[in-house]
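Here's the structure we're looking at; comments come further down.
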Amino acid sequence: MVLFYTTLYFAYVENLSNLAFMSNNSRIKNGGFGFCTSDVMRNPLIPLRDKAIYAYLCTFADSQTNQLVVGVNTISSELNIAPITVTRSLKLLEKLKIISRINRGNRKTKITIILK
């Protein structure tokens, strides 16, 4: 029984040290989380799947520039949704001026900027 509690204690302490490291780090994405605005998340006109993609993008965004580079296929495979659905959601988020997408030369992957 003592071994069980000791293991739990060390896991707890390790998690605390990881949290302290992440809070001292200037790049929010190191911990795998990001900030989503309540304007987007509470908007009843934005479908749930688009909010999910927005939240996913926020986890990749740089904390200072709000820029990220992630492809449609990566989003599709990690969220387990069709690439056409991701493309449709990205177009809607861009139309609503929540994100902006910029071409990167001849590459398929675009630079995405979180605006809200």
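The values are calculated or read from the model by the stated rules, or taken from the named source; none is laboratory data. Nothing here was measured: the structure is a model prediction, and the numbers come from that model. Here Cβ is always computed from backbone atoms with ideal geometry, including for glycine, and neighbour counts include all displayed protein chains.
Remarks
Residues are listed down the side, and each one gets a yes or a no for (1) touching a residue at least 40 places away in the same chain (Cβ under 8 Å); (2) out of contact with any Phe, Trp or Tyr (no Cβ under 9 Å at 6 or more places or on another chain):
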{"site": "Val40", "(1), (2)": "yes, no"}
{"site": "Ile46", "(1), (2)": "yes, no"}
{"site": "Cys58", "(1), (2)": "yes, no"}
{"site": "Glu78", "(1), (2)": "no, no"}
{"site": "Ala82", "(1), (2)": "no, yes"}
{"site": "Arg88", "(1), (2)": "no, yes"}
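A quick yes/no check of all residues on (1) at pLDDT 90 or above; (2) farther than 28 Å from Arg104 by Cβ:
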| position | (1), (2) |
| --- | --- |
| Tyr12 | no, yes |
| Asn15 | no, yes |
| Asn24 | no, yes |
| Phe35 | no, no |
| Tyr56 | yes, no |
| Thr59 | no, no |
